[in-house]
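*Asks:* Once you've had a glance at the structure underneath, I'll fire off some questions.
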Amino acid sequence: VMGVSGSGKTTIGQLLAQRLGLPYYDADDFHPKANLDKMSAGSALNDNDRLPWLQQLAENLQEWNIEGGAVLACSALKEAYRQLLSANTAIHWVYLSGTYDLIKTRMEQRNSHFMKADLLQSQFDALEIPDYGIHIDIAKKPSAMIDEIIANMNTKKAFFGVIGLGVMGKSLSLNIADKGYSIAVYNRSEGDEAEVVSDFLAANKGLEKLEGYTQLPDFVASLERPRKILLMIKAGRVVDAVLEQLVPLLAAGDVVIDGGNSHYQDTQRRFENLQKKGIHFIGAGISGGEEGARNGPSIMPGGTQESYAIVAPVLESISAKDEQGNACCTYIGKGGSGHFIKMVHNGIEYAEMQLLAECYALLSPQMEYDAIAELFLDWNKGELSSYLLEITAAILQKKEGEDYLLDKILDKAGNKGTGSWSSRAALELGQPNTMMASAVFARYVSAFKAQRIALSITIKADKNNLQNIDIEEVKRVYQFARIINHHQGFELMQAASEAYDWGLNLPEIARIWTNGCIIKSNFMQAAISLLEAKNNLLEQTTIRAELTAKEAAIAHVLQQGIQHRIPLVSLSAAYNYWISMTTERLSANLIQAQRDFFGAHTYQRVDASAEQFFHTLWSQKKSAS
């Protein structure tokens, strides 16, 4: 119950607590002595005075909420105060509205109160009237005011909203409802989506806190303020189209979360546009697929700290939990950083999948699928344990009748663009992210099935002779390449953090990737402490020692792949990156000489300072353009 001093918060709060059967608290009782002394002396409190008081109240509200709820009488004059109080607790606001003259008269009639009538104007000056909650005219009788509050509470609005009831939207909506939040969902009702909302409600009719809408204005009106809306729709122009319809229905302070796989630059643009309107915009990467969305995904939100604080209770409650029970969801950084991190996550995922495909290509000429599956399951018991390794073993064992289903699947791998986005970002930031790029191009090559068939007719490879592959060597090769893949991914994030001033916390990002997401693994768990020591994995003595020890194995396996015409593009990318990064003198001196020859791009010399640049007239002949 909020309002300026003298509006009747104590009276109404106590009566409301009696009607609801809840304990009553007066926020004034929690003021530190310094604040009481200051007000008793006739001085108004400033924001610095109020901050510790508000923080204490916010902690109390969390405890009272766990215990079943309470009624609190608190001035909460500014929107910033109300956001601080509601940061981690769902609050139903009741605003007591009255004229200055009426309230001043009441203040002059009360005795022994530390807040003097002379300070009333300072309260009105500070008051920012909320355009949400239940507004009650204090000129009415207290009993009538309580009846009106109770009536409005019985038409309680939803705490959270979801737009888009695809597979992920449905699963996340149910996850949110399971955590005790009232939720409203919206989906358009055109064409083959005509029955989406009604079917979803019918399938989950046991959930009392779930409401569905097919009209956007009705959906927005059903949400309590500040509105918290998660978009689970296709990335790209569709997001802009939905925002064009949604934003005019919103107000300053509302929060919109894009939970799709949007490009981080689109997210940055939307973030800046909505920030001008006072609307919070969060780009949140969400990983884990349908199962993760339903039972606990890894969530990567980017925007502002203030925006994240408003929705953190919901996002953290629905996310997966790490080994210590902490949410696999954390504030990533400003603007489009959340979607950038999800993009890199997917790039790492591309390379991890390609590496397993290449191990399969090496092992399948000499091992049955069930045997490979058993091998992968054995690997999965130790340091190589990962979600992708686990599902790959399951895929290898799946049969359709007497045949392995894998043999019936056409060898054309699709993609949704996030892998190529990661590669493009690496090029823009000058990062040698060869693993992701190799995995992306491998998928592109697979799409040219007809050409591959035609070209392969006259070229035969006897893969049956690949009978002497060392299984332990393949394991070592896989370990080697995974380290390079993760190193390149974290290096790309670090480069972006510095370029865009995001201040990314790499160990924390690794932590939220230890559960709920596609690339969760034991190595990711180990990466937390490694990254806490140094952001660059190759600067770790143990990592360099492991790669050095496995270098001969990957060189030998690559040789076997070449001999038997088995394309190992990502394993090769890992090896060549490692060799290049650990080679003191590369052939790039010739490249730079060529650039200077035809373009006068200059070069540096090994026998001169790094600040000096040189140009040579290599030939008196006119160079080719």
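*Asks:* Right, Ile318: out of contact with any strand residue (DSSP E or B) (no Cβ under 7 Å at 6 or more places or on another chain), at pLDDT 95 or above and within 16 Å of Gly169 (Cα to Cα) or not?
*Replies:* Yes; evaluated as a whole, the condition is true for this residue.
*Asks:* Which one of these is polar (S, T, N, Q) and open to solvent by less than 40 Å² (accessible area, probe 1.4 Å): Ser43, Ser7?
*Replies:* Ser7
*Asks:* Related question: Among the residues of region 278-311, what is the count of those that are in contact (Cβ under 8 Å) with a residue 40 or more places away in the chain, within 13 Å of the chain's Cα centre (by Cα) and closer than 13 Å to Ile229 by Cα?
*Replies:* 4
Let's see how each residue does on (1) closer than 30 Å to Ala499 by Cα; (2) open to solvent by 10 Å² or more (accessible area, probe 1.4 Å):
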| position | (1), (2) |
| --- | --- |
| Pro226 | no, yes |
| Asp240 | yes, yes |
| Leu243 | yes, yes |
| Pro248 | no, yes |
| Asp254 | yes, no |
| Gly259 | yes, no |
| Ser262 | yes, no |
| Gln268 | yes, yes |
| Ile282 | yes, no |
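*Asks:* Please find, among Ala496, Ala527, the residue that is assigned to a helix (DSSP H, G or I), open to solvent by less than 40 Å² (accessible area, probe 1.4 Å) and under 17 Å from Gly285 (Cβ atoms).
*Replies:* Ala496
*Asks:* Considering each residue of region 555-613, count those that are over 30 Å from Met353 (Cβ atoms), in a helix (DSSP H, G or I) and of a type in the set (S, T, N, Q), and give that number.
*Replies:* Looking only at that region, the number is 3.
*Asks:* Determine whether region 476-491 contains at least one residue that is touching a residue at least 12 places away in the same chain (Cβ under 8 Å), open to solvent by 50 Å² or more (accessible area, probe 1.4 Å) and either in a loop (DSSP other than H, G, I, E, B) or not small (Gly, Ala, Ser) (or both). Even if it seems obvious, please write down each step before you answer.
*Replies:* Looking only at region 476-491, we keep the residues that are touching a residue at least 12 places away in the same chain (Cβ under 8 Å), and these are 476-491.
Those still in the list that are open to solvent by 50 Å² or more (accessible area, probe 1.4 Å) too: 476.
Subsequent filtering for residues that are either in a loop (DSSP other than H, G, I, E, B) or not small (Gly, Ala, Ser) (or both) retains 476.
Yes, there is a match, as at least one residue in region 476-491 is touching a residue at least 12 places away in the same chain (Cβ under 8 Å), open to solvent by 50 Å² or more (accessible area, probe 1.4 Å) and either in a loop (DSSP other than H, G, I, E, B) or not small (Gly, Ala, Ser) (or both).
*Asks:* Still on this structure, I have one more. Please work out which residue is most open to solvent (accessible area, probe 1.4 Å), limiting yourself to region 453-475 and to residues that are under 30 Å from Ala549 (Cα atoms), at pLDDT 85 or above and not aliphatic (A, V, I, L, M). Walk me through how you get there before you give the answer.
*Replies:* In the first step, residues of region 453-475 are kept if they are under 30 Å from Ala549 (Cα atoms); the result is 463-475.
Still in the list and also at pLDDT 85 or above: 469-475.
Cutting the leftovers down to not aliphatic (A, V, I, L, M) gives us 470, 472-473, 475.
Values: Asp470: 74, Glu472: 103, Glu473: 32, Lys475: 53 Å².
Of everything passing the filter in region 453-475, Glu472 is most open to solvent (accessible area, probe 1.4 Å).
*Asks:* So, Ile138, is that one in contact with a Gly (Cβ under 8 Å, 6 or more places away or on another chain), aliphatic (A, V, I, L, M) and over 30 Å from Ile103 (Cβ atoms) or not?
*Replies:* Against the criterion (in contact with a Gly (Cβ under 8 Å, 6 or more places away or on another chain), aliphatic (A, V, I, L, M) and over 30 Å from Ile103 (Cβ atoms)), Ile138 does not qualify.
*Asks:* Please go through (1) open to solvent by less than 20 Å² (accessible area, probe 1.4 Å); (2) at pLDDT below 95; (3) among the aliphatic types (A, V, I, L, M) for Ile509 and return the number of the only condition it doesn't satisfy.
*Replies:* Exception for Ile509: condition (2).
*Asks:* For region 284-324, how many residues meet the condition of being within 21 Å of Met493 (Cβ to Cβ) and open to solvent by 30 Å² or more (accessible area, probe 1.4 Å)?
*Replies:* Selection size over region 284-324: 2.
*Asks:* Somewhere in region 439-446, is a residue more than 28 Å from the chain's Cα centre (by Cα) and within 20 Å of Pro567 (Cβ to Cβ)?
*Replies:* For region 439-446, residues more than 28 Å from the chain's Cα centre (by Cα) and within 20 Å of Pro567 (Cβ to Cβ): present.
Matching residues to (1) under 22 Å from Ile233 (Cβ atoms); (2) of a type in the set (Phe, Trp, Tyr); (3) open to solvent by less than 10 Å² (accessible area, probe 1.4 Å):
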| residue | (1), (2), (3) |
| --- | --- |
| Ile146 | no, no, yes |
| Ala158 | yes, no, yes |
| Met168 | yes, no, no |
| Leu210 | yes, no, no |
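*Asks:* Which one is most open to solvent (accessible area, probe 1.4 Å) among residues in region 412-436 that are out of contact with any Lys or Arg (no Cβ under 7 Å at 6 or more places or on another chain) and among the hydrophobic types (A, V, I, L, M, F, W, C)?
*Replies:* Once the filter is applied, the top-ranked residue is Leu427.
*Asks:* Of these, Ala139, Ala73, which one is surrounded by fewer than 13 Cβ atoms within 10 Å (Cβ to Cβ), hydrophobic (A, V, I, L, M, F, W, C), farther than 28 Å from Gly206 by Cα and modelled with pLDDT of 85 or more?
*Replies:* The conditions single out Ala139.
*Asks:* Whether any residue in region 358-367 is surrounded by fewer than 23 Cβ atoms within 10 Å (Cβ to Cβ) and more than 18 Å from Pro567 (Cβ to Cβ) is what I want to check.
*Replies:* Here is the first cut: in region 358-367, the residues surrounded by fewer than 23 Cβ atoms within 10 Å (Cβ to Cβ) are 360-361, 363-367.
From the residues that got through so far, the ones that are more than 18 Å from Pro567 (Cβ to Cβ) too are 367.
Scanning region 358-367 turns up at least one residue that is surrounded by fewer than 23 Cβ atoms within 10 Å (Cβ to Cβ) and more than 18 Å from Pro567 (Cβ to Cβ).
*Asks:* From the list Ala439, Ala450, which one is open to solvent by 60 Å² or more (accessible area, probe 1.4 Å), in a helix (DSSP H, G or I) and either touching a Pro at 6+ places or on another chain (Cβ under 9 Å) or small (Gly, Ala, Ser) (or both)?
*Replies:* Ala450
*Asks:* Counting only residues that are touching a helix residue (DSSP H, G or I) at 6+ places or on another chain (Cβ under 6 Å) and part of a helix (DSSP H, G or I), which one in region 354-369 is nearest to Ala437 (Cα to Cα)?
*Replies:* Gln354
The values are calculated or read from the model by the stated rules, or taken from the named source; none is laboratory data. The shown structure was predicted, so the numbers you read here are calculated from the model rather than taken from an experiment. Using ideal geometry, Cβ is built from the backbone for each residue, glycine included, and neighbour counts are taken over all protein chains shown. Heavy atoms of the whole protein, side chains included, go into the accessibility calculation; ligands, DNA and RNA do not. Shrake-Rupley method; radii C 1.70, N 1.55, O 1.52, S 1.80 Å.
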